[in-house]
Amino acid sequence: MSGSRREFLMTSGAALLAPGAVSGQDGQPTPPAIPPPAQATPGSPPALGSAPPVGPEVGPATFAEAEKLVMVELSATERAEAAQNWRSSMATVHERRSGPRKVPLAAALAPYSTWNPVLPGHGPLPQSDHFARSERTAGSLPAADADIAHAPLWKLSRWIESRELSSERLTRIYLGRIARFDSQLRCVITLTRDLALEQARGADREIAAGKYRGPLHGIPWGAKDLLDTAGIRTTYGAEPFADRVPDADAAVVRRLHAAGAVLIAKLSLGALALNDVWFGGQTMNPWLPEEG
């Protein structure tokens, strides 16, 4: 490109100004047209306080309770002022942005989007649910229950497949450890002892008959109490849901049942999956019991 940057800017600017310098009927340059004012984006909030009031009536007591959640303190005057202008200020902004909920959402409704780890141009995800196991040997089954309990999953799976270890024995080992340590750790919300023993015995019968389902067959597991389990409480760790019993299994629960895994407990989580404090207390770290 010939010429300097300054020359380029000057000539390009002149070209942009040229359409606005067309002469009018009197020979004078016609000024550029002023664009019309931009239209408000549909759904954008109105000017603060200019929309009609919406939302439920609230009073100072509502804000006094809300303070406990956000950990702020308002004076009585500030609470009264907030309650007075809520419906004509903040509630209108919120409703214009999100809209009132008019469609009931089913508890089992799937999220609107899916996560695909494959980068663009690298083809689709493999269309297979086959699990490829390593060829490592698990070695001899330990004599001590504690050593069995701490063995990695791949070894437990091999021992159960070869019938060196029964699913019922392994399940009883873990149920025993729950009985021994849960009062200190508070990690179980609902123990599913009877179901676990029934599933474990069923797994042992199937494996003995040559009907091995795969690496999770006969393996005990605990479901975080955020996962729905049909006929078994799913509480989200929160008191309002402490007696909630869903009618259907979550997809991951359904697939683990199909794989022959053994559900021994619904495991704790902080209320609504927020932290480590739930309605049964605080769940403690088994490797450092003084911390949550």
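The values are calculated or read from the model by the stated rules, or taken from the named source; none is laboratory data. Not measured: the values here are computed from a predicted model. Cβ coordinates were reconstructed from backbone atoms using ideal geometry, including for glycine residues, and neighbour counts include every protein chain displayed.
Things to note:
- Selection over segment 180-208 of residues that are touching a strand residue (DSSP E or B) at 6+ places or on another chain (Cβ under 7 Å) and of a type outside the set (Ser, Thr, Tyr) gives a count of 11.
- Cβ-Cβ under 7 Å pairs, at least 6 apart or on other chains, segment 222-237 side free of Cβ contacts under 8 Å to residues at least 40 places away in the same chain, far side in a loop (DSSP other than H, G, I, E, B) and among the aliphatic types (A, V, I, L, M): Leu227/Ala250; Ala230/Ala248; Gly231/Val245; Thr234/Leu227; Tyr236/Leu226
- Cβ-Cβ under 6 Å pairs, at least 6 apart or on other chains, segment 107-125 side touching a residue at least 60 places away in the same chain (Cβ under 8 Å), far side among the aromatic types (Phe, Trp, Tyr): none
- Residue list for segment 201-232, filter: within 30 Å of Leu274 (Cα to Cα) and assigned to a loop (DSSP other than H, G, I, E, B): Leu216, Ile219, Asp225, Leu226, Leu227, Asp228, Ala230, Gly231
- Answer from Ala108, Ala138 - the residue that is at pLDDT below 90 and over 30 Å from Gly292 (Cβ atoms): Ala108
- Search result, residues across segment 170-211 that are more than 25 Å from Ala230 (Cβ to Cβ), free of Cβ contacts under 8 Å to residues at least 12 places away in the same chain and among the basic types (Lys, Arg): Arg180
- If the condition is being surrounded by fewer than 17 Cβ atoms within 10 Å (Cβ to Cβ) and more than 31 Å from the chain's Cα centre (by Cα), then segment 147-168 contributes Asp147, Ser162, Arg163, Glu164.
- Meets criteria (exposed (fewer than 15 other Cβ atoms within 10 Å of the Cβ) and either modelled with pLDDT of 95 or more or assigned to a strand (DSSP E or B) (or both)) for Asp249: no
- Qualifying positions in segment 130-156 - in contact (Cβ under 8 Å) with a residue 24 or more places away in the chain, of a type outside the set (Gly, Ala, Ser) and not in a loop (DSSP other than H, G, I, E, B): Asp145, Ile148, Leu153, Trp154, Leu156
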